[in-house]
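One structure is given below, encoded as structure tokens.
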Amino acid sequence: MTDMIAKERRILVAVDEGEESLYALTWCLNNVITQNSKDTLILLYAKPPRYVYTALDGTGYLFSSDIMTTMEKYNNDVADRVIEKAHNICKEQNTDVKVETRVENGDPRNVICQMVEKLRIDVLVMGNHGHRWIKRAFFGSVSHHCAQNVKCPVLIVKKPKSTK
């Protein structure tokens, strides 16, 4: 009888400021990652695109470089906090899984799909914000877009509604 050799899996978890993505990360750690596995967990935060106003925006205001610098610093701070919180969740779960972090700039739909391909991801795990159909119609669903466009299995984890 031959021994089963566990293949190293590359699992990408898309994280953002919402509770849903952190719930998906916790679910992944509890249900996808196995003890003593050779898995690599990649935490990805996609910084939304920065809108640059190079001319008057109709209100008579022009964003100064100081304001743009402050906005960029704020976006970097948000990304750092999200990644730190996600990394701490991994530590709290006491798993021996190897954890890598990535922060990329751009529309989350495109960034996630590009990183899945570039990093040769085996499984993509995402939270679901559970937006109503009208909001999805206007803004689109990141998880739906990724599920339709990546070439690996996608686990979309829906956070249960809390009972109060």
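The values are calculated or read from the model by the stated rules, or taken from the named source; none is laboratory data. Predicted model, so just to flag it, every value in this text is computed and none were measured. Backbone-built Cβ (ideal geometry, glycine too); neighbour counts: all protein chains shown.
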For this session: Could you check how many residues of region 87-116 are more than 16 Å from VAL142 (Cα to Cα) and either modelled with pLDDT under 95 or more than 12 Å from the chain's Cα centre (by Cα) (or both)?
Result: 14
Problem set entry | Yes/no for VAL82 being in a helix (DSSP H, G or I), closer than 16 Å to THR26 by Cβ and among the hydrophobic types (A, V, I, L, M, F, W, C) | yes
For this session: Would you please name the residue that is modelled with the highest pLDDT, looking only at residues in region 130-164 that are assigned to a loop (DSSP other than H, G, I, E, B) and crowded, with 18+ Cβ neighbours inside 10 Å?
Result: VAL150
For this session: Pairs only if they're at least six apart or on different chains, beta carbon under 7 angstrom, first in region 140-152 and without any contact (Cβ under 8 Å) to a residue 40 or more places away in the chain, second in a loop (DSSP other than H, G, I, E, B) and surrounded by 15 or more Cβ atoms within 10 Å (Cβ to Cβ); list them, first residue then second.
Result: CYS152/ILE121; CYS152/ASP122
Exercise. If a residue has to be in a loop (DSSP other than H, G, I, E, B), at pLDDT 80 or above and over 12 Å from the mean Cα position of the chain (by Cα) to count, how many in region 1-58 make the cut?
Worked result: 6
Seminar exercise, completed: Scanning region 89-129 residue by residue, the ones that are over 18 Å from ALA46 (Cβ atoms), buried (at least 16 other Cβ atoms within 10 Å of the Cβ) and among the basic types (Lys, Arg) total 0
